[in-house]
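Worksheet: the structure to be examined is printed underneath.
Bear in mind these aren't lab numbers, they're just calculated from the coordinates by the rules spelled out. Small disclaimer: the values here were computed from a predicted structure and weren't measured. A quick note on method: Cβ atoms are made from the backbone with ideal geometry, for glycine too, and the neighbour counts reach across all protein chains shown.
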Amino acid sequence: MTYRRSGDDNLLVEFGPMQLDLALRMRIHALRDAVTAADLDGVTDLTPSIRSLPIQTDPHVLAQHQLLVKVREITTTLPPTDALVVPSRRVRLPLSWDDPATREAIARYLAGVRDDAPWCPWNIEFIRRINGLESVNDVYRTVFDAEYLVLGLGDVCLGAPVAALDPRHCLLTTKYNPARTWTAENSVGIGGAYLCIYGMEGPGGHQFVGRTTQVWSPWQRGAFEPGAPWPLRFFDRIKWYPVSADELLGLRADITSGRFVPRIEEGTFSLAEYERFLAEHAESVAEFRTRQQAAFAAERDAWEAAGEFARAEAATAPVAAPDEVTVPEGGRLVEAEFAASVWQVNVAPGDEVSAGGRCSRWRR
């Protein structure tokens, strides 16, 4: 575990290495629940992510050093990782494959950002190629056969990052570089090892596979519970079913009015059962990953031969050399624990500063 100070009102707790690991995600979830149950005065928000938990506080009520002591104590009470079981609903959502809205976003990218990107003119063909699949139909079957576990909420423009439970369904891609300037609301795409649903219209970089219904709504009707503008929950398992582009438009109108509610089945997700599944299919998973890694390496070599990486290096702005800091006689250099922008200085040379006095104002 690593504890990091994050500004003057956040403590960042991190588990394990920087990689996609469901065991780490479930441990973060257990810590979130334990901190919530402790009902600590001064804790204002908890935002669990894949392997980290930012804990936001009111520093006037709960100082960070006090919070650190309490969180360390709470961590010792967590159950063993392989004993973790969480509520996990199966949620069936419609997916318009290769939706016209995604095609329009690609066309805008070609016209206004970059017309020679390796992932254009068709993201799905790029996904096929970089994963070593024989046809785009294999991409289609993989996406619709998969179950995707919801790992985060609110990321990717009010959307949800999800991961395929079966590693043989985990398609890998790079992201757009430079990014798109426009993405239609509720587009669905793959970036890295994650499949993401864009909760709102905006920029983006994930490789498109289609479009779905709303995963964020201020009206909170039908599928949206009162007080929760999002219908998904942590550890929901999303299962896609195909619909046409016209059918999707109708469903999008119906979910806004409350007439359409996705089919949801209650259930649980056990880490021990999942690890037994991985062990049972270890050989075929290894074969899939070997083929996938070979295709990824071949794509990278093709990029290098085409000058893609030289292009990226040429576009990198030069980094200015750091200024030397001269410490005046009688002074002392204080190194900041994190980067920030100082927007107001409240003292001048020669002023006397008392303990607890404000010297400046800053923001991260």
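If one computes the Cα centroid of the range 128-173 and of the range 9-36, what distance in Å separates the two points? Going from one Cα centre to the other spans 23 Å. Given the options ALA340, ALA105, ALA294, state which has the largest fluctuation in a GNM of the chain using a 10 Å cut-off (strictly under) for Cα springs. Largest GNM mean-square fluctuation: ALA340.
Cut-off 18 Å, label point 7 angstrom out along Cα-to-Cβ of ARG72: give me the residues of the range 23-47 whose amide nitrogen falls inside. Output list for this probe position: 35. Extension gain for ARG311 to ALA294 (0.36 nm times residue separation, less C-alpha to C-alpha distance): 3.8 nm.
Summing Lys and Arg as +1 and Asp and Glu as -1 over all other residues whose Cβ lies under 11 Å from the Cβ of ALA245 gives a net charge of -1. Other residues with beta-carbon under 12 Å from the beta-carbon of VAL43 carry, at +1 per Lys or Arg and -1 per Asp or Glu, a net charge of -3.
Coupling constants for the range 146-154 follow from the phi torsions by the Karplus curve (6.51 cos²θ - 1.76 cosθ + 1.60, θ = phi - 60°), and in residue order they are 6, 10, 10, 8, 6, 9, x, 9, x Hz; glycine and proline get x.
Based on Cα contacts under 8 Å between residues 6+ apart, the chain shows a relative contact order of 17 percent.
Can you tell me the orientation of helix 271-280 relative to the chain, as the angle in degrees between its alpha-carbon axis and the longest Cα principal axis, to the nearest 10? For helix 271-280, the angle is close to 50 degrees. The string of couplings for the range 204-221 from the Karplus curve (6.51, -1.76, 1.60, θ = phi - 60°) is x, x, 6, 7, 5, 10, x, 8, 10, 7, 5, 10, 8, 8, x, 7, 6, 10 Hz, one whole number per residue in order, with x for Gly and Pro.
Count Lys and Arg as plus one, Asp and Glu as minus one, and take only other residues whose Cβ is under 12 Å from that of TRP182; the net charge is then -1. Here's how it looks for ASP98: its modeled amide H is under 5 Å from those of GLY210, ARG211, which are all 5 or more places away or on a different chain. Put one equal scatterer on each alpha carbon of the chain, apply the Debye formula with no solvent term, and list log10 I(q)/I(0) at q = 0.06 1/Å to two decimals. For the chain at q = 0.06 Å⁻¹, log10 I(q)/I(0) is -0.30. Before rounding to the nearest 500, sum -39500 (n - 2.57) across all DSSP H runs of length at least 4 in the chain and divide by the residue total; then give [θ] at 222 nm in deg cm²/dmol. The per-residue figure over the chain is -10000 deg cm²/dmol. Among 214-220, 68-74, the peptide with the highest mean count of other Cβ atoms within 10 Å heads the list, and the full ranking is 214-220, 68-74. Residue-wise HN-Hα couplings along the range 291-302, as the Karplus relation 6.51 cos²θ - 1.76 cosθ + 1.60 with θ = phi - 60° gives them from phi, are 5, 5, 5, 5, 5, 4, 5, 5, 5, 4, 4, 5 Hz; Gly and Pro carry x. For the range 91-221, just say rounded, prolate or oblate: build the C-alpha gyration tensor, square-root its eigenvalues into a ≥ b ≥ c, call rounded for a/c under 1.5, and beyond that prolate if a/b exceeds b/c, oblate if not. In terms of gyration-tensor shape, oblate.
Around the amide H of SER88, modelled in the peptide plane, lie the amide H atoms of GLY267, THR268, PHE269, all under 5 Å away and 5 or more residues distant in sequence or on another chain. Only loop residues by DSSP count here, and only those with at most 12 other Cβ atoms within 10 Å; note down the GluC sites (Glu not before Pro) in the range 259-364 that meet that. Filter output for the range 259-364: GLU266, GLU324, GLU329, GLU335, GLU337, GLU352. The amide H of GLN207, built 1.01 Å from its N in the peptide plane, has ILE190, GLY191 as neighbours under 5 Å, considering only residues 5 or more places off or on other chains. Shown here for the range 160-259: GluC sites (Glu not before Pro) in loop regions (DSSP other than H, G, I, E, B) with at most 15 other Cβ atoms within 10 Å, namely GLU201.
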